[in-house]
Each structure stands twice: as C-alpha cells, then as structure tokens.
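Engineer: This is the structure I want to talk about, given as structure tokens.
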Amino acid sequence: MFSAMNLLLNFQVFVRKVIELHDKYLAYVNNCFQNHTLFHKALKEAFELFCNKGVAGSSSAELLATFCDNILKKGGSEKLSDEAIEETLEKVVKLLAYISDKDLFAEFYRKKLARRLLFDKSANDEHERSILTKLKQQCGGQFTSKMEGMVTDLTLARENQASFEEYLSNNPIANPGIDLTVTVLTTGFWPSYKSFDLNLPAEMVRCVEVFKEFYQTKTKHRKLTWIYSLGTCNINGKFEPKTIELVVTTYQASALLLFNASDRLSYQEIMTQLNLSDDDVVRLLHSLSCAKYKILNKEPSTKTISPTDVFEFNSKFTDKMRRIKIPLPPVDEKKKVIEDVDKDRRYAIDASIVRIMKSRKVLGYQQLVMECVEQLGRMFKPDVKAIKKRIEDLITRDYLERDKDNPNLFKYLA
C-alpha cells in the first residue's frame with residue numbers, strides 16, 4: 001500500500017517535470033528562435049521520442065490519465081486553485097498530442113472518470129466538462145463522445161432518482177422499507193463491467209423488484225442489467241459493545257447478511273449461497289476477516305483465505321467510530337484496459353481496411369498498409385504485423401481476396 005502510494009506520487013512528480021520541461025523549451029522556441037517552424041518541428045520530434053517510452057512498467061498514456069484523475073478527484077494530492085487546474089489540464093492535453101497511443105489514454109481516462117462519477121469522487125463538474133472540451137478540440141468528437149455521454153448520464157440518473165422517490169411517496173405500499181438509490185446508465189458509454197447473478201438477500205431482492213416496477217412505468221423497451229459489483233450499502237452491525245454503521249459493497253453486505261440466519265458458515269457454503277466466483281469470494285472474505293476491521297472471525301486464524309476456512313460473526317467487535325467504511329481491495333484494471341484496447345484496435349483496423357478497399361476496389365499490399373497507418377494514426381500507431389494479420393482474417397471472412405497471379409494484390413469482394 002505504502003509503496004503503491006509512493007509510486008503514484010513519483011508518477012505525479014514525473015508528469016509535472018515533463019510539463020515544466022515542455023514549458024521551458026517552448027519558451028526557447030518562441031522567444032529565442034522567433035517561433036521558427038524548424039525549431040517547433042525539432043521540439044515535436046524530441047517530445048514524441050521520449051513521451052512514447054514506458055516509465056517503470058507504465059505507459060505515458062496511463063500516467064497522463066492518472067495525473068488528470070489526481071487533479072480532478074476529491075482529496076487528490078494536487079491542491080490547486082481553479083485557474084491553476086485549468087492551466088494544468090490545458091498543458092496535459094498539449095502533451096497528449098505527442099503520444100501515439102491516444103486510444104489507450106482514452107480507455108484509462110474513461111475507467112477513472114467512471115469511478116469519479118459513480119462514487120461521487122469528482123471535485124468539480126465544470127473541470128470535468130472543461131477537459132472534455134479541450135480533448136475534443138485536440139482529438140476530435142469521436143474521441144470524447146463516450147466520456148461526454150457518461151457525464152450526461154449522471155445528470156439524467158439524478159433526475160431518474162428524483163422520479164423514483166416521487167413514485168414511492170405516491171405508492172407507499174410499494175416502498176421496500178430501505179433507502180434505495182439506483183443509477184441508470186447507458187451501456188454503450190461506460191466501460192464494461194462484470195455482471196454476476198449474485199444471489200441477493202431477500203431485503204435487496206424486494207428493492208430490485210420495486211425499482212423494476214417503477215422503471216416499467218417509464219419505458220417498456222429497455223432492459224436493466226444490474227452491476228452489483230459497483231453497489232454500496234450502509235448496514236447496522238449489532239455488536240455486543242455497541243451498534244456500528246458499516247459502509248460496505250453490495251457483495252460484502254450480501255455475505256454479512258448470511259450470518260443473520262447462520263452462526264457459522266464455511267467458505268464453500270458462502271460461495272454457493274452468494275453464487276460468486278472464487279476470486280470475488282476470496283477478496284470479500286479477506287476484507288471482512290483478515291484486514292483492519294475483523295467483522296468475521298475465521299478458523300484457522302491466518303492472514304490468507306483458503307477453501308477449507310470456516311467463518312462466524314464477531315459479536316465482540318468494536319471501534320471508537322460509530323460509522324466505518326470497510327474497503328474491498330481494488331482489482332488491478334490495467335491488464336483489462338490493455339486487452340479492451342487491443343480488441344478495439346482489431347475492429348478499427350478491420351473497418352479501415354474495408355473502407356479503403358471499398359473505395360479502391362483493387363490495391364497492392366504496401367499501399368493498403370500505408371493508407372491504413374495514415375487513417376488510424378490519429379488514435380494509435382498500428383503495428384504492420386497486426387495489419388497483415390487482419391488482412392488474412394478478412395480474406396478468410398470473404399471481405400477480400402488475393403489476385404490469382406499476384407499474391408501482393410488484393411481485391412474487394414462486395
């Protein structure tokens with residue numbers, strides 16, 4: 001935890017230093033070399049060279065997205081005035097121009113934006129919209145369309161919640177007796193999340209049913225998919241010393257509520273009753289029995305979770321606070337982001353090849369690769385091997401065919 005925080009601060013310092021370096025040399029070009037295009041070109045090439053190198057196992061795209069997140073979220077390490085934030089965001093967007101993997105930045109940024117919006121971590125709506133405007137000017141409307149959709153979604157979700165509360169006050173018989181806030185999102189805008197059929201406790205099932213009934217009154221043509229992995233719950237833990245309000249995730253709440261009906265439960269019983277994967281069960285049971293707040297006692301009393309463990313409610317638990325938040329260890333999203341970007345790139349290369357071949361009908365291999373690289377260069381630098389692989393794939397799917405006499409010549413099949 002400590003080393004991760006240090007690494008984050010080092011990355012923040014690194015991006016700050018790069019911004020200062022850019023300011024310094026840009027001033028030289030403007031003031032000492034009369035804004036000469038030759039020196040602007042040299043500055044651009046120099047920054048492109050080192051901005052596209054990795055830093056301690058992270059890409060510059062990821063570092064820039066994390067730097068923005070730290071500025072835009074509540075409680076970030078950067079304490080800046082509104083003017084300083086605007087100026088810094090402007091400079092970050094200028095640096096982004098030198099990075100070839102802009103699509104990777106967009107995906108990391110979108111993941112972090114989603115967390116800020118969904119968990120009320122965003123410090124200022126104006127700054128969120130401001131950087132999207134800057135990114136749109138720099139990279140085009142397609143680059144920011146999903147992010148803009150996410151920000152708009154949150155506004156619509158608040159209106160939707162107000163309608164739901166009005167519906168409950170007009171139908172007191174439908175009220176589930178639990179305060180329920182539902183954020184309805186548009187699938188296409190947001191990052192993809194795992195959606196498990198978690199076996200909810202009866203109290204929560206009633207909440208879901210009530211909201212479905214309400215939503216049916218608004219629209220008949222939309223299907224709701226519940227993302228329980230993003231949910232949070234406030235539950236009262238009635239311990240012997242005192243009652244403490246626990247702020248937990250929906251997964252953690254579902255696990256704890258099982259102990260209302262049973263004194264002891266084995267790992268396997270919890271897993272079966274919740275209908276979750278091994279990884280998720282290990283994470284949530286570790287957070288409840290091995291971390292700072294031991295709400296559950298575990299046998300044997302080790303620091304790791306194993307499938308033979310048995311758990312029981314720790315009735316002796318106490319804390320000086322009346323309300324505590326029990327964090328669930330975060331999942332490293334880096335690998336998934338890179339996988340998602342690679343998948344999107346395959347689609348983008350396919351679409352580019354088909355577009356080019358549709359207009360040209362017949363084209364040589366080198367020319368096709370060159371035009372493809374040129375078309376996609378604004379978002380990422382496509383690898384020639386990847387393009388070759390996509391061409392082969394499109395041939396097997398009957399979009400293209402090789403010329404019988406010249407294997408380096410391709411024809412478009414309408």
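Bear in mind that the values in this text are calculations on the coordinates, not laboratory data. None of the values given here were measured: they were computed from a predicted structure. With ideal geometry, Cβ positions are generated from the backbone for all residues, glycine too; neighbour counts draw on all protein chains shown.
Engineer: Quote the Stokes-Einstein diffusion coefficient, in whole µm² s⁻¹, for the range 2-139, based on the Kirkwood radius over alpha carbon pairs, a temperature of 4 °C and a viscosity of 1.567 mPa s.
Structural biologist: The Stokes-Einstein estimate is 82 µm²/s.
Engineer: Can you list, bin by bin at 10 Å, the percent of alpha carbon pairs in the range 189-317, starting at 0?
Structural biologist: P(r) over the range 189-317, rounded to whole percents: 11, 40, 31, 13, 5, 0.
Engineer: According to a simple spin-label model (label point 7 Å from Cα along Cα-to-Cβ), what is the distance in nm between residue 302 and residue 197?
Structural biologist: Spacing of the two 7 Å Cα→Cβ label points: 3.3 nm.
Engineer: Among the listed pairs 41/94; 79/292; 94/146; 242/320; 335/385; 53/136, give every one whose C-alpha distance is greater than 18 Å.
Structural biologist: In this structure, 79/292; 94/146; 335/385; 53/136 exceed 18 Å between Cα atoms.
Engineer: Normalising by the residue count of the chain, find the relative contact order in percent from Cα pairs under 8 Å and 6+ residues apart.
Structural biologist: 11 percent.
Engineer: Calculated from DSSP H runs of 4 or more alone, at -39500 (n - 2.57) each and per residue, what is the 222 nm mean residue ellipticity of the chain, nearest 500?
Structural biologist: One gets -18500 deg cm²/dmol as the mean residue ellipticity at 222 nm.
Engineer: Stokes-Einstein D for the range 157-228 at 4 °C, 1.567 mPa s, Kirkwood Rh over Cα pairs, in µm²/s?
Structural biologist: Using the Kirkwood radius from Cα pairs, D works out to 97 µm²/s.
Engineer: Given an 8 Å cut-off on Cα distances and at least 6 residues of separation, report the relative contact order of the range 2-139 as a percent.
Structural biologist: RCO, the range 2-139: 26 percent.
Engineer: Same structure, new question: Extent of the range 143-263 along each principal axis, from alpha carbon coordinates, in Å, largest to smallest?
Structural biologist: Result, largest extent first: 53, 37, 24 Å.
Engineer: When all alpha-carbon pairs of the chain are counted, what percent fall beyond 38 Å?
Structural biologist: For the chain, the fraction of Cα-Cα distances above 38 Å is 39 percent.
Engineer: By average Cβ neighbour count within 10 Å, what is the ranking of 271-278, 308-315, 159-166 from highest down?
Structural biologist: 308-315, 271-278, 159-166
Engineer: Extension gain residue 358-residue 87, at 0.36 nm per residue separation less the Cα-Cα distance, in nm?
Structural biologist: Length gained, residue 358 through residue 87: 93.1 nm.
Engineer: So, by mean Cβ neighbours within 10 angstrom, what's the order for 399-411, 281-293 with the highest one leading?
Structural biologist: Descending mean neighbour count gives 281-293, 399-411.
Engineer: If R0 is 22 Å, what FRET efficiency do you get for residue 74 and residue 152 from their C-beta distance, rounded to 0.05?
Structural biologist: Efficiency computed from Cβ-Cβ geometry: 0.55.
Engineer: Please go through the range 330-390 and write out the trypsin sites (Lys or Arg not before Pro) that DSSP classes as loop and that have at most 13 other C-beta atoms within 10 Å.
Structural biologist: 361, 378
Engineer: Ranking 148, 209 by Cβ neighbours within 10 Å, fewest first, what do you get?
Structural biologist: Ordered from fewest to most neighbouring Cβ atoms within 10 Å, 148, 209 come out as 209, 148.
Engineer: Looking at the chain as a GNM with Cα springs under 10 Å, which of 375, 138, 216 has the largest mean-square fluctuation?
Structural biologist: In this elastic network of the chain, the residue with the biggest mean-square fluctuation among 375, 138, 216 is 216.
Engineer: Now, a different point. Calculate how large, on average over all directions, the projected area of the Cα convex hull of the range 334-412 is; give the answer in nm² to one decimal.
Structural biologist: 5.2
Engineer: While we're here: Loop only by DSSP, 10 or fewer other Cβ within 10 Å of the Cβ. Give me the trypsin sites (Lys or Arg not before Pro) in the range 78-140 that pass, ordered by residue number.
Structural biologist: Passing both the DSSP loop test and the Cβ count: 79.
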